[in-house]
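The values are calculated or read from the model by the stated rules, or taken from the named source; none is laboratory data. What you are looking at is a predicted structure, and each value in this text was computed from that prediction instead of being measured. Note that each Cβ is placed from the backbone with ideal geometry, even for glycine, and that neighbours are counted across all protein chains shown. The accessibility values were calculated without ligands, DNA or RNA, using every heavy atom of the protein model including side chains. Shrake-Rupley method; radii C 1.70, N 1.55, O 1.52, S 1.80 Å.
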Amino acid sequence: MKKIFEINGVFKTYHFLKRINRFVVETEEGDLCHLHDPGRLNEILIKGAKIETILKNNGLKCEIISVENKNENIFINSKYHSQIAENLILNKILNKNFLIKKREIIYKNSRLDFLLDLNGNNYYLEVKGCTLLDGDVAKFPDAPTKRGTKHINELVELKNSGNYSGILFLIFRNAKYFSPNYDTDKNFYYALKNAIENKLDIFPVKLFFNGKEFFYNGTINIKLDGPAGI
């Protein structure tokens, strides 16, 4: 496996007690930690679960990096997604001759993660992180995402208007397949199915996280498992 990225900081282990709100977690040790992930995470953030954090100098005591679930260290901090993606691009992991032109590009009313150069052409890339595992299938999203569906539709629109575009799924679970989550968000499922039919580039990249370092662990196949699955 190829090393992609490393997190630096002062680490401290806590145990999950409850989620105060979308972005704040209370630990069994009594401290409050920032959760930088908008997903539900119900399957992995359970009482008593070991969470690894980085201590902060201001605001809340710590920031959550990962949670341990069934002997798997699951990364749950979306703040680092762009940096991880950048290193995948720079290491040519996506098997395209990409150069980074700009991070965060405005298209209509949306902010897409990257504007890349592909052999002299503009290429728009959006990045999503995936933490939900159902059997051997990684699924996104784990909560309804109007924003995510909008991004998919806009990427297809860009492609059909003569541009190049794609979406990168950072998969932080030991999965064999990737699937849009029909049961959680039918609109996203059909948007991604339509994107595949329109030959939008989909990059389901699996990453191994050892608590501090990320390693590229291959790409996995897409499985459409909704009622219209193929």
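In the condition set (1) over 30 Å from Thr13 (Cα atoms); (2) within 14 Å of the chain's Cα centre (by Cα); (3) surrounded by 20 or more Cβ atoms within 10 Å (Cβ to Cβ), Tyr189 is compliant with all but (2). Checked against (1) under 24 Å from Lys2 (Cβ atoms); (2) out of contact with any Phe, Trp or Tyr (no Cβ under 9 Å at 6 or more places or on another chain), Phe208 passes all but a single condition, namely (2).
Among the strands (runs of 3 or more DSSP E) confined to the stretch 115-230, the ones with at least 2 residues that are within 22 Å of Tyr80 (Cβ to Cβ) are located at 121-130, 132-134, 137-140, 164-171, 201-209, 213-219.
Of the residues Asn121, Asn97, the single one that is more than 20 Å from the chain's Cα centre (by Cα) and open to solvent by less than 70 Å² (accessible area, probe 1.4 Å) is Asn121. In the stretch 154-186, which residue that is among the small types (Gly, Ala, Ser) and without any contact (Cβ under 8 Å) to a residue 40 or more places away in the chain is least open to solvent (accessible area, probe 1.4 Å)? By that ranking, first place goes to Gly162. In the condition set (1) open to solvent by less than 60 Å² (accessible area, probe 1.4 Å); (2) within 30 Å of Phe11 (Cβ to Cβ), Lys212 is compliant with all but (1).
Among the residues that make up the stretch 110-123, is at least one of them of a type in the set (Lys, Arg) and at pLDDT below 95? The answer is yes, given that some residue of the stretch 110-123 is of a type in the set (Lys, Arg) and at pLDDT below 95. Restricting Tyr107, Tyr80 to residues that are surrounded by fewer than 21 Cβ atoms within 10 Å (Cβ to Cβ), closer than 20 Å to Arg22 by Cα and of a type in the set (Ser, Thr, Tyr) narrows the list to Tyr80.
Go through (1) more than 20 Å from the chain's Cα centre (by Cα); (2) aliphatic (A, V, I, L, M); (3) open to solvent by less than 30 Å² (accessible area, probe 1.4 Å) for Ile46 and report which single condition fails. The number of the failed condition is (3). Determine whether Asn194 is farther than 20 Å from Ile93 by Cα, surrounded by fewer than 16 Cβ atoms within 10 Å (Cβ to Cβ), at pLDDT 95 or above and not basic (Lys, Arg). Yes: the conditions hold for Asn194.
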